Amino acid sequence: MKNVLILVAMLFLGTSAMAQNAAEQLSHKIADKMRDTLDLRTEQRNMIYGLNMQLYHQKAQARSESKSPDSVRVKIQRIENGRDSLYKAVLTDAQYRLYLSRKRSLINNN
């Protein structure tokens with residue numbers, strides 16, 4: 001029984017580490033794409049990466065705190081709805097307008 005518990009703990013920690021690594025890779029990819037598209041300075045790119053990781057942790061916490069899929073969905077949507085305002089604090093006005101324009105294009109599949 002002790003070995004089973006150890007195995008379960010190792011699987012959980014391994015899964016958590018893989019999810020964290022995937023989140024870091026995605027955060028880097030988003031920050032790099034925004035750097036290239038919006039001509040971000042290195043400091044801005046690093047701040048965008050940090051914001052993406054912050055959002056990842058908030059969403060992970062929302063998933064762990066709630067058992068109801070509907071509740072998780074609402075919490076995650078609330079977190080995502082704050083993304084633009086976080087980005088706005090980092091980007092210049094011109095960069096933010098371009099970001100919103102590109103975002104709308106992606107959403108509308110243009």
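The values are calculated or read from the model by the stated rules, or taken from the named source; none is laboratory data. In this text, all values refer to a predicted model and were calculated from it rather than measured experimentally. Accessible surface is based on the protein model in full, side chains and every heavy atom, while ligands, DNA and RNA are left aside. Shrake-Rupley method; radii C 1.70, N 1.55, O 1.52, S 1.80 Å.
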Worksheet item: Scanning region 90-110 for residues that are within 19 Å of Met47 (Cα to Cα) and among the β-branched types (Val, Ile, Thr), which turns out nearest to the chain's Cα centre (by Cα)?
Response: Val90
Worksheet item: So which residues in region 22-75 are open to solvent by less than 80 Å² (accessible area, probe 1.4 Å), outside any helix (DSSP H, G or I) and of a type outside the set (A, V, I, L, M), if there are any at all?
Response: Ser66, Ser68
